[in-house]
Amino acid sequence: MRLIKKTLLLWLGVGCFAVLFACGGAGNAASETATIGAWDLAFAGFQVKEDLRADTNDVQYSGVSVRNQISESPDQGNVFLLVHIVVEKKQASATVFYWDGLSIQDADGNNYHRMENDSFLENFGYERLMSTDLTLGKNDGYICFEIPKEEASKPLSLCYQSDEGSCSIKLR
Amino acid sequence: MNASKAGQLHKMRWIIIAAAIILLALSAVLLSGKIALPTKHTMAKLQEVPDDDLLSSQFETEQEILSHYEASDYTFDAPFVVVDPYDLNPCSALVLYETTSPGDVRVMIPGKDENSSIAYTHASNTEYVEIPVICLYPGTENKVLLEDAAGHRTMVTIKTEPLPVDFQKYELVYADPVLMEPGMTLCIACFEHSYTALIDCNADVRGYFSNQRMAHGTSIIQLKNGNLLATGDNYKQVPYNMTSLWEFNWLGKVFRIYDIPNAVHHDISELPDGNILAVSNNVDMFTTGTREDVAIIIDRASGNVIRTFDFRKILEETRDPYHHFHPDIVNPPNIDWMHMNAAVYDAEHNSLIVSSPTQSMVVSILLDTSKINWILGPHEGYENSSAYLKDYLLTPVGENFEWQWCQHAPSVLPDTDHNPDTLDLILLDNGQNKSFYQQTAVAAKDNYSRGVCYRIDLAAKTIEQLWEYGRERGSDCYATFLGDADYLNRTQNRLFCFGGQLRVNDVPVDDIVEGVFGGIAIRSRIVEVTPDKQVVFEVAVHENPYSPSSETYQTERIAPYSDESFVSQLGLTPGIRCGAYDDNELDGTVKAPNVFVGNIVVQFNRIQNENGRLIIDGVLQYKGGTYMLGRANVILRSVDTTYVFQTYNAMNGRFFAYIDTTRLDSGVYQISVAGAIREGNDTQSGTIHKGHAPTGYKITVP
C-alpha cells in the first residue's frame, strides 16, 4: 500500500509539474515609436551577434549527410548589432526616409551607420529592409550595424535626423 | 465505525485521489499542446495565414505611389522617384512628374563606357509623365539623364541596392563590343539558389529578379508585344516545374498570370498566332508515373491548355540510355525518362521539334497528326521495344560528322540554301558520356561540349554537320547539363551557354544530382563567336561563399527596353489571371491523427492565403535533417470538421500544397501536417518515421 501511495504521489507531482510547465509563457520584445514628419519609426528589438552562422543538414538517399555552413563575421573587435525596426509613411508627402540619417549612438556619443551591404541578413533568416532610401509604405525588418564589442553592453540609442526633425530611441 | 466501513472510506479516498491524478494528467496532456483537437483556447494562439496576392498587392502599390505623388508637386527637374516599384528588379525605377511640354522623353543611363551606356526614347504625350528607368547598376548612385521633347535636360540620381551577397560572380574573360550582337545578355538561372540576371558587355549586372523562385529553369522570352514571359513562383515539382507563367516587364509589373495545371518547365515560345507552346507534363503526372514528357499549347486569351502532345504515345519510354540526370532512387514513383527540354515550332513544315537529352534525341512530329517525321540522334540503343524508331533515324553524310549527346536548345536556322527539302538546326551538344552504354562512356575530364549546326535533308533522310564550336576548347567548355545555342540575326554570331559545369577541385565531373543539391559547385561559361569562330564575348560564371550554384540554364541576347511594354499607367490596369488551377484533392486514405506525435517538424518557405487559396511550400524534417524520400498531408481542422489533403511531394522533404478553401465549410481551421520520411533510397522499403506536427497557423474560411 505504501508503494502505491508513493507512486500515486509521484504521479500527482508529475501532473502538477506538467500543468505548471504547460502554462509557462514567453516575454514580449520591447517596442517604442517616434514620429518624424510623415514617418513613424518603431523599434521592435535588437540582437547582438559576434558572428552569424547558418548550418543546414540534408541527409541524402545515400545516407551521406550534406552539411552546408555559411558564416559572416564583423571586423575584429566589433560585433553585429541587428536592429528590428518598422518604418512607415503615415501621410502622403514628398519626404523620403534617408538611411544616412539613421545611426546607432553609443554611450560616448559615437555614431555608427547602417552597414553598406547587409544583404547577408537574408541568408541567416532575417527579413531585411532594403537599403535604398524609403519613399512609401510600411517597411518592417532588420538592418545591421557593426559596433565595437565593448559598446554593445552599454547604453545604445537609435537616432534619426532629417530636415523634418529628429528622434532618439533607447535600445537599452 | 466498524472495520469494514473504515476500509470502504479508505478505498473511497484512494479512488478520489486516483481520479484527481487522472484528471490532472489529462489536463497536463491537454495543456502541453499535444492534443490535435482544436479548442477556442488553442485556436486563439495560432497565427492567421497572411493574405498575399501578387496582382492585388501590385495594384495597391500603384495606388499608394500615386497617393504620395499627388500630395506634392513634382516637376521634370525635381521628379518623384520610386526604386524597384514592384519589388522584383532592384535595378529599375519609376520617375514621375508633371510637365507643360508633353512629348517623348529620351532616357540615358551612362555606363562604364560607351558600349555599356543605355539610351532609349519613351513615348509620352501627356502632362503627367511616367518614365521607366531600367538597366541601372546595382549598389550605385546612378546618374540618369532625361531629355524632354523641348530639348531640356535634367539629371536624376537613383541609388540602387547592392547585389545580394549570394549572387553568382560574372567574370569577363573577353569582349569585343564592336563585333558583338547588340543588346544585353539575359542569363537565366536554373535553380532557385541562383539569380536570373541581365549583364552588359562588361559582364556587369544591369538587372536581376530578386524573387529567385520565379523565372528559373525555363526559357524567358520576349513576346511580340515587348513583354517578358517567364515561369511564375509556385512549384508543382522541384526543381523547376512551375504552375504558372507571368507576363511582365522589366519594372516588375505583372500584366497577366497564366495558371497552368500541367506545370511548365524548360522551354516556352510564342507561336505565330500568339498562343504559347510550352514543355510540360501530364496534368496527373503523379499518377501516370512519368514526368516532363508532354508539350502543350496554351490559348493566349483564356490561358487554357488547348493541345497536348504526349510523347509516351510517340516514343518508347522504356528505352534506357546511360546518363547522369536521375537521382539514385530505387522504385521511383515518377520516372523522368524523356526530360523534354525544348519544344520548337517549325512553321515551314508545320511540325513540332522537341528535344530529349536523356534519350539524346531531337524529334520532329507533324503538328496535326503527331506522326514522327525524323529523329536526330546517335543510332545506339534502338533494340527491342524501341526498334520501330529506327525507321525515323537520320543517316549522317559528309565529313567531320559527330552526333550530339544529351543536347539542349535546338532551334531552326534561317534558310540559306533555299532548298525546301532541307532544314538547318543549331543546338548545344553537351556531349555527356558520348555513349548509350556505361561501359563506353567518356569520362567528364576527357569530355567536351560544343555548339553545332546541322543540315537535315528531309527527302533523303540524311544529316550533315555544317559547323561546330567548342571541341577545340576541351574541358574548358564542358557542361554535363544545361545550356543554350542561339543564332544571332544581325551579326550571324552564335551565342553559346555552357550552362552546367560540375567541378570538384576544378576537375570536371558528371554528378548532376550532387550539384543540384549543393554538394558540388556548378559553374557556367557564356561564349559568343563569329561565324569564323572568333570569340567576341566570353564570361565565366563562378560560385560564391554563400552558394556553390552558379549555373546558367540559358542565355539570350535581348534589347531590354520596348516601348510597348511600358505603355500602361499606374493605377489604371490591374494584372489579370487566367487559365486553371491544379489544386490538391482530399486524401481519403489518411486519417487525421488526434495527437501531435513523432519527431517530424515542418518549416515553411511560403504559406499564404491567395484569395481563399491556401498555398504552402514546406519542408519536412526528421530530427533536424531532411531526407530524400518523404510524404506530407496537410490537415485542416476546425472544432467541427476535419479535412486531410494530398500534397505534391518532392525530394529532401519538400512538399507543395494548393488548397481551395472556398470549397470548405465556413470556420476557422487549424493547419497541421502529418508526414513521414523514409530512410534510404528505396521507395518500397526502408525504415519509416511518421509524425504529426502543428504548424502554428490557422486559416479562416468565411
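Every read-out reported here was derived from the displayed coordinates using simple, explicitly stated rules and does not represent laboratory data. Because the structure is predicted, anything quoted here is derived from the model rather than measured. So basically every Cβ, Gly included, is an ideal-geometry build from the backbone, and we count neighbours across all protein chains shown.
Couple of notes before you dig in:
- Computed from the C-beta positions of B:Leu466 and B:Arg213, the FRET efficiency with R₀ = 45 Å rounds to 0.70.
- Helix B:3-31 vs. chain B, principal-axis angle (Cα, 0 to 90°, nearest 10): 10
- Bridging of A:Lys149 to lysines at a Cα separation below 17 Å is possible for A:Lys49, once same-chain residues fewer than 8 apart are set aside.
- As a proxy for reagent exposure, ranking B:Glu402, B:Glu64 by other Cβ atoms within 10 Å from fewest up yields B:Glu402, B:Glu64.
- Among the GluC sites (Glu not before Pro) in segment B:78-130, those placed in a DSSP loop whose Cβ has at most 13 other Cβ atoms within 10 Å are B:Glu127.
- Phi angles of segment B:450-455 translate, via the Karplus equation with coefficients 6.51, -1.76, 1.60 and θ = phi - 60°, into HN-Hα couplings of 7, x, 9, 10, 10, 10 Hz per residue; Gly and Pro are given as x.
- Footprinting exposure proxy ranking of B:Ser356, B:Ser57, fewest other C-beta atoms within 10 angstrom first, gives B:Ser57, B:Ser356.
- Counting other Cβ atoms within 10 Å as a rough exposure proxy, the listed residues B:Cys406, A:Cys144 run A:Cys144, B:Cys406 from fewest neighbours to most.
- When each of B:Lys224/B:Lys253; B:Lys34/B:Lys690; B:Lys371/B:Lys434; B:Lys434/B:Lys533; A:Lys89/B:Lys45; A:Lys89/B:Lys143 is checked by Cα-Cα distance, pairs over 19 Å: B:Lys371/B:Lys434; B:Lys434/B:Lys533; A:Lys89/B:Lys45; A:Lys89/B:Lys143
- Once the Cα-Cα distance is subtracted from the 0.36 nm per residue extended length, the B:Gln63 to B:Lys143 segment shows a gain of 26.1 nm.
- Karplus (6.51, -1.76, 1.60) ³J(HN,Hα), θ = phi - 60°, over segment B:315-321, in Hz, Gly and Pro reported as x: 10, 10, 6, 8, 4, 10, x
- Cα gyration tensor shape for chain B, rounded if a/c is under 1.5, else prolate or oblate: oblate
- Lys/Arg +1, Asp/Glu -1 at C-beta; chain B dipole; positive extreme among B:Leu570, B:Leu428, B:Val668: B:Val668
- Separation of alpha-carbon centers, segment B:441-501 and segment A:85-146, rounded to whole Å: 48
- Take every pair of alpha-carbon atoms less than 8 Å apart whose residues are at least six positions apart; their mean separation over the length of segment B:256-361 yields a relative contact order of 25 percent.
- Amide H partners (placed H, <5 Å) of B:Asp511, local residues excluded: none
- For segment A:28-170, the fraction of alpha-carbon pairs lying more than 26 Å apart is 30 percent, rounded to a whole number.
- Candidates per chymotrypsin sites (Phe, Trp or Tyr not before Pro) in segment B:1-88, loop by DSSP, up to 14 other Cβ within 10 Å: none
- Helix B:54-70 axis, angle to chain B major axis (alpha carbon atoms, nearest 10°): 80
- Net charge, B:Leu146 excluded, C-beta distance under 10 Å - Lys, Arg +1, Asp, Glu -1: -1
- Sparse-neighbourhood loop sites, GluC sites (Glu not before Pro) in segment B:511-591 - DSSP loop, at most 12 other Cβ within 10 angstrom: B:Glu585
- Förster radius 35 Å - calculated FRET efficiency between B:Lys169 and B:Arg663, Cβ distance, rounded to 0.05: 0.15
- Shape category assigned to segment B:49-199 from the gyration tensor of Cα positions, a/c cut at 1.5: oblate
- Couplings 3J(HN,Hα) of segment B:504-513, computed from phi: 10, 6, 6, 9, x, 9, 10, 7, 4, 5 Hz, in residue order, whole Hz [Karplus 6.51 cos²θ - 1.76 cosθ + 1.60, θ = phi - 60°; x for Gly and Pro].
- Cut-off under 5 Å, modelled amide H: who pairs with A:Ala44 long-range: A:His84, A:Ile85, A:Val86
- With contacts taken as Cα pairs under 8 Å at a separation of at least 6 residues, chain B carries a relative contact order of 13 percent.
- Overall form of segment B:383-465 per C-alpha gyration tensor (a/c, 1.5; a/b vs b/c): oblate
- Pairwise Cα inverse-distance average, inverted: Kirkwood Rh of the protein assembly as shown (Å): 30.2
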